């Protein structure tokens with residue numbers, strides 16, 4: 001509100017919606033309103049309303065006559081008519097003649113159906129036009145009812161408080177360094193006895209005697225635990241290989257008992 | 001009736017809604033006020049302001065203060081921020097509101113006339129109509145619906161409050177013509193011929 | 001106390017002041033309302049609103065509505081979200097701290113990956129990193145350095161207190177990448193989902 005104003009000045013009403021009901025019945029005025037129609041259906045609706053009956057009871061024949069008469073008058077007054085008004089006039093004239101024809105000569109769809117369709121369309125348009133009037137007549141915000149003129153407004157200032165600790169910082173730097181430092185791959189030297197050396201060793205030791213020898217005796221003395229395990233596995237496979245070749249025989253007195261080996265003399 | 005003095009939550013809801021630049025939903029209010037349950041405060045405030053010069057109203061799920069409607073004669077003014085709508089635009093708006101979601105072709109079928117592009121644009125720009133997706137039929141036409149701002153502007157708590165919508169629906173006036181025609185023809189078949197003719201209005 | 005129902009003039013004054021875009025004097029109100037005597041209405045309104053969430057006040061002879069003074073904190077709220085620095089941001093911060101002043105390209109060279117713009121923004125927002133001018137090389141890239149707030153936050157008297165490479169190695173912080181990655185993954189799995197997302201996301 002910009003300063004005071006007398007109430008009387010404010011009560012000037014609202015002209016942005018002047019409604020449709022207030023059309024004059026006066027003929028001249030009616031014809032001059034031509035530009036105000038939103039198309040032929042709109043004009044038909046207004047003419048129908050002039051019958052002052054419920055749209056469900058409207059006489060389609062009378063409406064056709066009214067419309068055609070209206071178009072004729074407008075043409076006589078040399079008002080420029082858009083083509084769709086003339087198309088509608090022609091269609092209505094066809095509808096009227098079909099409705100007056102004897103029934104057996106009628107085509108499909110029947111003129112009654114066409115008339116009913118027109119009537120339904122008029123009803124729907126009429127309903128929406130009334131609804132629009134009622135909607136516009138409501139207490140509208142900013143016209144009839146008002147929100148607060150000068151609201152303070154609500155403000156939420158959002159701020160982030162970032163968190164990070166010393167360890168995370170230093171660890172991150174360490175990881176960056178570790179990630180980007182050149183990486184050297186080294187395979188560690190491991191104490192193993194290969195199958196070849198085990199084969200040579202077992203064969204050589206078998207060659208010395210014809211007696212049974214326990215597998216454990218083939219293993220290198222004083223080997224550390226990892227070499228010992230490797231040597232045991234390799235020597236066992238070597239013994240199996242020699243037995244397969246027919247150069248040695250194996251014996252074991254009971255399950256998990258000591259495994260013995262003896263040379264076969266060819 | 002001696003109303004209880006306002007409690008702190010009610011005062012906070014009152015002050016927040018009063019200061020807000022836009023309508024707020026109960027959820028927004030609650031979030032703003034640290035998760036409080038604002039429903040009973042809102043109800044108490046509505047009651048408190050009933051009959052006063054200003055009131056608290058709910059429109060499309062959002063709450064705001066506004067001046068009492070019966071004081072319109074005092075406050076009414078022509079302002080640029082109230083849109084002047086052409087007759088075409090008011091009809092299109094009504095059709096969208098009562099039929100939503102609705103395509104442009106459906107609007108034109110009801111109005112019997114092509115709708116100028118500008119007409120829908122005005123409603124979109126006013127923030128009363130929005131594009132509500134596409135209809136999954138051949139051509140996938142865009143469909144339109146109203147917005148919460150539409151409800152706010154026209155003082156409607158929801159679309160159910162659209163004037164006369166129940167009667168229109170009951171009368172079948174929100175159904176497409178084809179559907180209504182079928183029903184009418186079925187009814188007509190069940191009636192004697194004379195009635196059909198009377199219905200079509202043979203008498204000049 | 002049973003308040004009298006508001007009379008019409010009081011309602012009019014209430015609505016007019018509410019809708020007014022600027023404070024109004026009693027004289028302006030009276031003129032607006034057709035010459036009515038608004039003094040008693042204003043007094044009654046002041047009394048009515050006493051203790052509520054909103055109030056009517058006079059300032060320099062002009063009247064206006066405002067939210068209750070004790071609720072002013074509601075109108076401007078500050079919300080502080082505590083957020084963990086993402087892994088990427090932590091790395092960038094560490095690089096700035098160890099190598100400052102350092103350009104973005106140099107940071108990327110050290111990290112071995114591209115750095116999202118938001119990552120440096122976060123550090124600037126946190127107040128731990130500042131723009132420290134430009135490097136006088138072709139392109140004159142912006143260079144970054146840490147701030148006193150950085151030292152304060154991490155409890156450092158100076159940057160010299162940051163552990164050296166040898167110390168990092170001794171602490172196992174220079175372990176091969178895959179191992180470090182595994183650790184990070186384990187940590188991540190032990191964290192709530194939200195934290196993991198925060199760790200991965202550079203942006204607030």
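Values quoted throughout were computed directly from the atomic coordinates according to the rules given, and no laboratory measurement underlies them. Note that the structure is predicted; figures quoted are calculated from it, not measured. Cβ placement follows ideal geometry from the backbone for every residue including glycine, while neighbour counts extend to all protein chains displayed.
Of note:
- Taking every alpha-carbon pair under 8 Å whose residues sit at least 6 apart, chain B reaches a relative contact order of 15 percent.
- Cα long-axis angle, helix B:8-19 against chain B (0 to 90 degrees, to the nearest 10): 60 degrees
- Cα gyration tensor shape for the range A:31-99, rounded if a/c is under 1.5, else prolate or oblate: oblate
- Averaged over C:49-58, number of beta-carbon atoms from partner chains that fall within 10 Å: 4
- Going by neighbour counts of Cβ atoms within 10 Å, the residues B:16, C:152 line up, fewest first, as C:152, B:16.
- Average beta-carbon neighbours from other chains, 10 Å sphere, peptide A:114-121: 6
- Kirkwood Rh in Å, taken over all unlike Cα pairs in chain B: 20.7 Å
- Counts of other chain beta carbons within 10 angstrom of each beta carbon in peptide C:62-72 average 4.
- Dividing the summed -39500 (n - 2.57) terms of all DSSP H runs of n ≥ 4 by the residue count of chain B sets its mean residue ellipticity at 222 nm at -13500 deg cm²/dmol.
- Among B:119, C:147, the order by Cβ neighbours within 10 angstrom, fewest to most, reads C:147, B:119.
- Between residue B:134 and residue C:170, the modelled labels are 6.9 nm apart [label points 7 Å from Cα along Cα→Cβ].
- Span from the the range C:87-109 Cα centroid across to the the range B:153-187 one, whole angstrom: 67 Å
- Nm distances between copies for residue C:39, ranked from closest, using label points 7 Å along Cα→Cβ: 4.9
- Once the Cα atoms are used to define both axes, helix B:177-189 deviates from the longest principal axis of chain B by about 50 degrees.
- 7 Å along Cα→Cβ, label-point gaps from residue C:82 to other copies, nm, shortest first: 5.3
- Relative contact order of the range C:8-75, pairs being alpha-carbon contacts under 8 Å that are 6 or more residues apart, as %: 32 percent
- For the range B:87-201, the C-alpha radius of gyration divided by 2.2 N^0.38 Å, with N the number of residues, is 1.26.
- Our summary of shape: the Cα atoms of the range C:115-174 have principal axis extents of 39, 26, 22 Å, ordered from largest down, in whole angstrom.
- For residue B:131, label point 7 Å along C-beta direction: distances to other copies, nm: 3.9
- The reciprocal of the average 1/r between distinct C-alpha atoms defines the Kirkwood hydrodynamic radius, which for the range C:8-75 equals 12.2 Å.
- With viscosity 1.567 mPa s and temperature 4 °C, the Kirkwood radius over alpha carbon pairs of the range A:133-252 converts through Stokes-Einstein to a diffusion coefficient of 56 µm²/s.
- Averaged over residues, the count of other Cβ atoms within 10 Å places the peptides A:53-64, A:116-127, B:53-64, A:197-208 in the sequence A:116-127, B:53-64, A:53-64, A:197-208, highest first.
- Distance from the range A:192-236 to the range C:43-65 (C-alpha centre basis), Å: 106 Å
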